1. What percent antiparallel are the DSSP beta bridges of the chain, to the nearest 5?
2. Separation of the stretch 1-77 and the stretch 442-497 by C-alpha centroid, Å?
3. Okay, helix-only estimate at 222 nm for the chain: each DSSP H run of n ≥ 4 adds -39500 (n - 2.57), divide by all residues, round to 500 deg cm²/dmol; what do you get?
4. Hey, got a sec? Which chymotrypsin sites (Phe, Trp or Tyr not before Pro) in the stretch 109-188 land in a DSSP loop and have at most 15 other Cβ atoms within 10 Å?
5. Give me the compactness ratio for the stretch 252-377, meaning the Cα radius of gyration over 2.2 N^0.38 Å.
6. Counting pairwise Cα distances across the stretch 320-369, what percent come out greater than 13 angstrom?
7. Quick check on the stretch 204-305: take the gyration tensor over C-alpha atoms, sort the square-rooted eigenvalues as a ≥ b ≥ c, and tell me if it's rounded (a/c under 1.5), prolate or oblate.
8. Taking Lys332 as the anchor, which lysines have their alpha carbon closer than 19 Å to its alpha carbon, excluding any fewer than eight residues away along the same chain?
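Taken together, the values in this text are just the output of simple stated rules run on the coordinates, not laboratory data. These figures come from a predicted structure and were not determined experimentally. Positions of Cβ are backbone-derived with ideal geometry, glycine not excepted, and every protein chain shown enters the neighbour counts.
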Amino acid sequence: MMLANFVAGQWKEGAGAGEPLIDPVTGEELTRISSQGIDVDGALEFARAEGGASLRQTTYRERADLLAKIADVLAANRDEYFRISLLNSGATQADASFDVDGAIYTMKYYGKIGRALAEGKLLKEGALIPLSKTNVFAAQHFLVPAKGVAVFINAFNFPAWGLCEKAAPALLSGVPIVVKPASPTAWLTQRIVEDIVKAGILPAGAISIICGSARDLLDHVREGDIVSFTGSADTAARIRSHASVLRRSVRINIEADSLNSAILGPDVAPGTDLFELFAKEVVREMMIKAGQKCTAIRRVLVPRQHAKALGDAISERLGALKVGNPRNAEVKVGPVVNKAQQSSCLEGLRQLKEECTVLFGGDERFQPLDADPGKSAFVQPTLLSSKNGVSAKFVHDVEVFGPAATLVAYDTPENLVAIARRGLGSLVVSIFSNDEAFTQNVILGIGDLHGRVMVVDSTVGSQATGHGNVVPSCLHGGPGRAGGGEELAGLRALSLYHRRFVVQGPPSCIAGLDGLSSDASHLYS
Ligand code: NAP
């Protein structure tokens, strides 16, 4: 079986034998994908000309209604998405929920807040700026939907949410989308697009999907288009420097990999509730999606005097986790996505072991529950402890995209800040402490290198949304190594899909445009 691409309003199978999609537990082939022979240039042109033009005839409010309908379709097909997640990603129920329910929630969220933009076709930003003494000449900034196409190149770990967190703000903005999911898990994204197309919600050309290799996709992007990429820092560098992207000043947003930290404050002693909550959070981040989350905790920064107790607490919890075939209801940690990712994780762990001691796991011949290690792609949850602190080489640089984390002991707040900064830019850091002065100092020391800082004290306790959990109302993205991109943050996400311009002229002329606008102050509230 070959999954079809949907381009220029038609389903089309790619040519050739294609690439197989595999069950990472059994090693069995599930289906195939191919983008060979697909007219990518024609697909992008159809999206711009047909999809974009139709979407822009509608108002923000009307498009918010489209998102709500899409959310309903996804909710109706949720069971099937869980089935595909199990087969193609080896996802436990909790893993599938993280991706699929996260996708549905994000679509619903944008449907709901999009309604606040009412019937406008562009967004008015800020107040009228007087430019003459007699007020006959003034200026007004506006944001107008881009007239290009939004091209999404996505990572394998979130086939559902990865599509929806980008699609919701783009479609609400009136910009058509073409998604190229990561090959290993393209099936779920393809099925979601198929369900949306079948439901007849969107105008022709508003949504397209190309499965398989990106091939010449980026050769055909041009002025007015947006490329939104999620994946590794290496691929990001290739996309950023692509000739068409550079020559045509194509707007790009990059969400790349990240060595996120979780910080335990010196005031949090072993045996306290906050200490236990911290240990639990580290384990949760290793467990969900088998650690294949861009936001997962990779570095656990702990005051030296608590390092032994924390290592013991985390190891004890890891020892209680069942790792194996997610068809077994007791299993909490499934496989990584395929043999290639397994090899990459094991290689990364070998590098980390050169400068760390292993506190838990790390056995390459480990036996998963109800699965054949020869055919499956499991990585044993592994906790390491750095010997070299701030001067470690691999700990601050190698992202093991699996169930692994490294303890790094710190001695002083200055030393802690220096260690956290070695990540060179991360999506998220969390700080567990009841000492507000400590927390504020750390935030001042590292805030510039992080997209999100989550602070948990005893008053917050287990009510925090979670270190690795991206919520649509808050910013997702991070500077430096994390890619420098920004996504979500409520309506702020619409900025990526709009162009800002300023009209200078008589206030009466500007007032005419006001009638077509929605107030963009919602973007900033
Ligand atoms: P990847 O290998 O970089 O691939 C990402 C996407 O880029 C895939 O769709 C891939 O297609 C495509 N691609 C590869 N080479 C390309 C090229 N030359 N031109 C255009 N597209 C190209 O990443 P991955 O292995 O799928 O995902 C894991 C990584 O993503 C991890 O490092 C993780 O930290 C990161 N991630 C970041 C975020 C975030 O929000 N910051 C979220 C999730 C994941 P093929 O699959 O067909 O090769």
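1. The answer is about 40 percent antiparallel.
2. Rounded to whole Å, the Cα centres lie 29 Å apart.
3. Value at 222 nm, helices only, nearest 500: -10000 deg cm²/dmol.
4. Phe137
5. Relative to the 2.2 N^0.38 Å estimate, the stretch 252-377 comes out at 1.14.
6. Taking all Cα-Cα pairs of the stretch 320-369, the fraction more than 13 Å apart is 65 percent.
7. Because a/c hits 1.5 or more and a/b exceeds b/c, the stretch 204-305 counts as prolate.
8. Within the straight-line cut-off, Lys332 pairs with Lys280, Lys289, Lys293, Lys322.
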